[in-house]
């Protein structure tokens, strides 16, 4: 495992792409993944291992069948923990290959890990799983990871003793300047050839000045070349002169990059042929578009971005962003998203001390505007039967995905998925009568149906839980949000399988005093249901039913922080769950007999499980690893684990009464807010 770390703009991604391209040409690239903050699925780790598995299936001979078998056996693995995805889709399939079937060393490239929006714990888990490639005996697999030297990643690599590292920004200045010079010579010579300029252009003096101004940052050199090239035959030489002569050569590297970004922005908005009010409109439009692009949680194509932003016409948006090719990737293909060329431009825009006031992006205001844009778009597009199915019994797997995509365009998907996230990042605390309250009163169930049709109901539950955390519990809106959470978790299975049931059985069978029912039952009962069934007045104590075990559940227990629920089963496994969303996190498999008890160690993420054959497992619940297993115990034992001594009961035939005391069938979280029981 190799870690290449370096400051922003020092060329990490260029190296990663070069390595990936070289090994791909040699048919030795196992897979590659390039993280990008605000890049949707590439901005987090949720789709990381599934994407790697898809590429490995194509690149490694013989492994496709094993990955296919794993997907058929574990159909929900794509929604499970990183550990389960790694084990079932990559580690185990590769380990099943015949020894010697793959002779060449293969390479896995992971670029810009610092762009992954994950907790420190998740980053450590991801790195530790990648380090397990050394345990695969059937294939020689090497991993290249690039990132900025951020603390969570540094801490993660400290736990991996057998990795190599290289600090890119510690490379000798003369070596870096030589590489930048070679790059500039190549790009500018090509520009001169295409535009009929003198073959010695731009000359030694100008070239050396550009190298000095780059200050070791490849992103400066790349942006400068794009800026000059965008000027074309008419203005390319003029732009080169401006870069060489503008500002001070003594500025710090980051200040030189800021200066370059300002030059690009000024040139794109200062057009002598425009009148004053037209120039002001250009600046306003560019600023609003850049604010949205920088704050988006997932990139959008120009058409969808214009549809989301109520104040910008698509034609003007394309024309104005087309002048920013040196800092934005604006594809000609209308369905490909617009992206920033480099994350350092986002850092520049959102730092008031770095960006010009004409272009500075107030991050909270940008998120507030996007939240309002999302709510406006959803309010205008959501409806009762958005996929035009008619019958409420239509199952989700019966509908063609192309039809769903045609009915739910990218901008609507985006709005439904991210509006709560933008609202939270804006710092607002919505109350009665707020925009989102009015939206919920009219379109809450329509929104849930879209989230179900697009396979994002888990994200809907997460969004409602997040919303619940920053609205007042006493407000009418807070009461509605809290009831909506109960409603979704109660009806989750029905909604996931048949989205139109959201407005039928889910409402009809909700308690009579449910806020969701009281708000929407007239809409349901005015249709084909003439008489509603008799139901309870209030929600029961049961929040939701967790389904996934193939055998009876024998024990349940909360972690000390209440964020994880463990369940033991006769199917020989222990499953870990998120008790708030009901999402299955991972499955712990090592027992060869029914698991009849499990318990988290106090103030620890370690878990003990005991099976009927007397085996005791000690688990790391984050990694899903089994660092210690005691086999076939026939008598009571004491075991020390992580410095804590615990009395273990290895067999159900021994001290059964004590076992029921130690491992209860009904448990509560430490804060008393949640309880779990088995049946």
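Just to be sure, is residue 519 under 27 Å from the mean Cα position of the chain (by Cα), touching a residue at least 24 places away in the same chain (Cβ under 8 Å) and crowded, with 16+ Cβ neighbours inside 10 Å? It is false that residue 519 is under 27 Å from the mean Cα position of the chain (by Cα), touching a residue at least 24 places away in the same chain (Cβ under 8 Å) and crowded, with 16+ Cβ neighbours inside 10 Å.
Does residue 100 count as surrounded by fewer than 15 Cβ atoms within 10 Å (Cβ to Cβ) and either without any contact (Cβ under 8 Å) to a residue 40 or more places away in the chain or under 24 Å from residue 456 (Cβ atoms) (or both)? First the steps, then the outcome.
Numbers: surrounded by fewer than 15 Cβ atoms within 10 Å (Cβ to Cβ): yes; either without any contact (Cβ under 8 Å) to a residue 40 or more places away in the chain or under 24 Å from residue 456 (Cβ atoms) (or both): yes.
Yes.
With surrounded by 19 or more Cβ atoms within 10 Å (Cβ to Cβ) and on the phi > 0 side of the Ramachandran plot as the only criterion, which of 62, 43, 39, 9 stands out?
On the way: 62 fails: surrounded by 19 or more Cβ atoms within 10 Å (Cβ to Cβ); 43 fails: on the phi > 0 side of the Ramachandran plot; 39 fails: on the phi > 0 side of the Ramachandran plot.
Testing whether each residue is surrounded by 19 or more Cβ atoms within 10 Å (Cβ to Cβ) and on the phi > 0 side of the Ramachandran plot leaves just 9.
More than 30 Å from residue 403 (Cα to Cα), surrounded by 20 or more Cβ atoms within 10 Å (Cβ to Cβ) and either in contact with a helix residue (DSSP H, G or I) (Cβ under 9 Å, 6 or more places away or on another chain) or without any contact (Cβ under 8 Å) to a residue 40 or more places away in the chain (or both): is that true of residue 359 in this structure? The answer is no for residue 359.
Residues are listed down the side, and each one gets a yes or a no for (1) touching a residue at least 60 places away in the same chain (Cβ under 8 Å); (2) surrounded by 14 or more Cβ atoms within 10 Å (Cβ to Cβ); (3) assigned by TED's automatic domain parsing to the domain that holds residue 216; (4) within 39 Å of the chain's Cα centre (by Cα):
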position: 238; (1), (2), (3), (4): no, no, yes, no
position: 241; (1), (2), (3), (4): no, no, yes, no
position: 244; (1), (2), (3), (4): no, yes, yes, no
position: 257; (1), (2), (3), (4): yes, yes, no, yes
position: 260; (1), (2), (3), (4): no, yes, no, yes
position: 264; (1), (2), (3), (4): yes, yes, no, yes
position: 268; (1), (2), (3), (4): no, yes, no, yes
position: 271; (1), (2), (3), (4): no, no, no, no
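Conditions (1) in contact with a strand residue (DSSP E or B) (Cβ under 9 Å, 6 or more places away or on another chain); (2) not in a helix (DSSP H, G or I), marked per residue:
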position: 237; (1), (2): no, no
position: 242; (1), (2): no, no
position: 254; (1), (2): no, no
position: 260; (1), (2): no, no
position: 273; (1), (2): no, yes
position: 278; (1), (2): no, no
position: 287; (1), (2): no, no
position: 333; (1), (2): no, yes
position: 336; (1), (2): yes, yes
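Under the condition of being crowded, with 16+ Cβ neighbours inside 10 Å, part of a loop (DSSP other than H, G, I, E, B) and within 27 Å of the chain's Cα centre (by Cα), the residues counted in segment 289-323 number 7. Screening 37, 28, 54, 17 for residues that are free of Cβ contacts under 8 Å to residues at least 40 places away in the same chain and either within 30 Å of residue 582 (Cα to Cα) or outside the structural domain of residue 422 (by TED's automatic domain parsing) (or both) leaves exactly one candidate, 54. Against the numbered list (1) at pLDDT below 95; (2) farther than 30 Å from residue 14 by Cβ; (3) part of a helix (DSSP H, G or I), residue 344 comes up short only at (2).
Given the condition touching a helix residue (DSSP H, G or I) at 6+ places or on another chain (Cβ under 6 Å), part of a loop (DSSP other than H, G, I, E, B), surrounded by 10 or more Cβ atoms within 10 Å (Cβ to Cβ) and modelled with pLDDT under 90, answer yes or no: does some residue in segment 181-195 qualify? Give the derivation first.
If we filter segment 181-195 for residues that are touching a helix residue (DSSP H, G or I) at 6+ places or on another chain (Cβ under 6 Å), which is where we start, we get 181, 183-184, 187, 191, 195.
Those still in the list that are part of a loop (DSSP other than H, G, I, E, B) too: 195.
Still in the list and also surrounded by 10 or more Cβ atoms within 10 Å (Cβ to Cβ): 195.
Checking the rest, the ones that are also modelled with pLDDT under 90 come to 195.
Scanning segment 181-195 turns up at least one residue that is touching a helix residue (DSSP H, G or I) at 6+ places or on another chain (Cβ under 6 Å), part of a loop (DSSP other than H, G, I, E, B), surrounded by 10 or more Cβ atoms within 10 Å (Cβ to Cβ) and modelled with pLDDT under 90.
Give the residues of segment 573-598 that are crowded, with 21+ Cβ neighbours inside 10 Å, part of a loop (DSSP other than H, G, I, E, B) and at pLDDT 90 or above, sorted by residue number. Within segment 573-598, just 591 meets the criteria.
The values are calculated or read from the model by the stated rules, or taken from the named source; none is laboratory data. Remember, predicted model here, so these are calculated numbers, not experimental data. When we count neighbours, we look across all protein chains shown, and the Cβ atoms used for this are built from the backbone with ideal geometry, even at glycine.
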